[in-house]
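The values are calculated or read from the model by the stated rules, or taken from the named source; none is laboratory data. As the structure is a prediction and not an experimental result, all values here were calculated from the model. Neighbour counts run over all protein chains shown; Cβ positions are idealised from the backbone, glycine included.
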Amino acid sequence: MASTHAISNFDPAQTLCRQLRANIETVIRTNNEGINWLLTAFLAGGHVLLEDVPGTGKTTLAKSLAGSIEAKFSRVQFTPDLLPTDILGVSIFDQNTQNFSFRQGPIFTQILLADEINRASPRTQSALLEAMGEGQVSVDGKRFALDPNFFVVATQNPVEFHGTYPLPEAQMDRFAMRFELGYVSADDEMDILNSQQFSHPLDSLSACMNEDDVSCMRIAAQNIRITDELKRYIVSIVAATRNHKGVQMGASPRGSIMLMKCAQSFALIEGNEFVTPELIQALAKPVIAHRLALNSDSQFSGGDAEQIMHEIVQNTPVPV
């Protein structure tokens, strides 16, 4: 039944994916890989950590996605004095009713930009854990459900560490993918200058789909075919991170689940009705590398989680 549904739903969903990507590209004129990764995590129901220097288009990318799907957008600038209530909301006493009423914080949105997330204290960072993992928040003993399309785009500067708090492993594990946008070429930068000489492309961005269209794409992604052999391939890659000599803590089953879901979403975006080993290999680093905790020997010798993932992918037998 699921396979039949996937085939009947594939063509319209894939058309919607092309439309969404093209709409975002009217604002983000370069780095198609960054757009693909963002859409992959979004359709997989995960969250994204953009680790890049300022000015590379992280905020613009998040706003472009929100504007393209008619989504409610909120931005939180993380600072050392930011409190959990500044994100979640707070109960306020109403003198007229003599009761407390809950005033929702910026987390009650659809697309949340958590800007410079590593500048907030660990206590404030942890306020996002429940929201990212379970799609709900708990305030004053009450649970509040978040929007089904709730999606966090967090950013952090990989160069500036003064006044920052490294994200704990539990927080990192909640992100489906971590990647960077990087600098653009000289020609692309010229295009950016020309496009923003008089106004910003975001000012003229219009939505190209609604929530029903997003649901169509997500359902189609869930039904992309993936064989048991490829599931075992994913398990083998993730299990290898737990036994690598340079890794203190490998990826958990959550990493395996997210690698499978992202592979299905990426297949839809690429126009494939099924997952291939090449898709899994391409996603292994952005999906798994940030979940690894390297041991002291690896850190002191200049070890790199991305390089370890590259080595693991190269050494893991590919199913035939």
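Values for this structure:
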{"read-out": "Selected residue [surrounded by fewer than 13 Cβ atoms within 10 Å (Cβ to Cβ) and either in the same structural domain as Leu82 (by TED's automatic domain parsing) or not in a helix (DSSP H, G or I) (or both)] from Gln197, Gln248", "value": "Gln197"}
{"read-out": "Meets criteria (part of a strand (DSSP E or B), in the same structural domain as Phe150 (by TED's automatic domain parsing) and touching a helix residue (DSSP H, G or I) at 6+ places or on another chain (Cβ under 9 Å)) for Val76", "value": "yes"}
{"read-out": "Hey, Arg225 over 19 Å from Val287 (Cα atoms), touching a residue at least 24 places away in the same chain (Cβ under 8 Å) and either in the same structural domain as Asn272 (by TED's automatic domain parsing) or loosely packed, with under 12 Cβ neighbours inside 10 Å (or both) or not", "value": "yes"}
{"read-out": "Residue match in region 113-131 (condition: of a type in the set (A, V, I, L, M), assigned to a loop (DSSP other than H, G, I, E, B) and surrounded by 14 or more Cβ atoms within 10 Å (Cβ to Cβ))", "value": "yes"}
{"read-out": "Among the candidates Gly67, Gly46, residue that is assigned to a helix (DSSP H, G or I) and not hydroxyl-bearing (Ser, Thr, Tyr)", "value": "Gly67"}
{"read-out": "Search result, residues across region 107-142 that are among the charged types (D, E, K, R) and closer than 13 Å to Arg174 by Cβ", "value": "Glu130, Glu134"}
{"read-out": "Some residue of region 182-191 being modelled with pLDDT of 90 or more, part of a loop (DSSP other than H, G, I, E, B) and surrounded by 12 or more Cβ atoms within 10 Å (Cβ to Cβ)", "value": "no"}
{"read-out": "Yes/no for Thr85 being surrounded by fewer than 22 Cβ atoms within 10 Å (Cβ to Cβ) and over 28 Å from Ala62 (Cα atoms)", "value": "no"}
{"read-out": "Selection count, region 261-317, where residues are at pLDDT below 95 and of a type in the set (Val, Ile, Thr)", "value": "1"}
{"read-out": "Region 159-181, subset outside any helix (DSSP H, G or I) and touching a Lys or Arg at 6+ places or on another chain (Cβ under 7 Å), residue surrounded by the fewest Cβ atoms within 10 Å (Cβ to Cβ)", "value": "Gly163"}
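Every residue, every condition in (1) at pLDDT 95 or above; (2) closer than 23 Å to Leu129 by Cβ; (3) outside the structural domain of Lys285 (by TED's automatic domain parsing), yes or no:
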| site | (1), (2), (3) |
| --- | --- |
| His5 | no, no, no |
| Pro12 | no, no, no |
| Asn31 | no, no, yes |
| Thr56 | no, no, yes |
| Ser68 | yes, no, yes |
| Pro84 | no, yes, yes |
| Ile92 | no, no, yes |
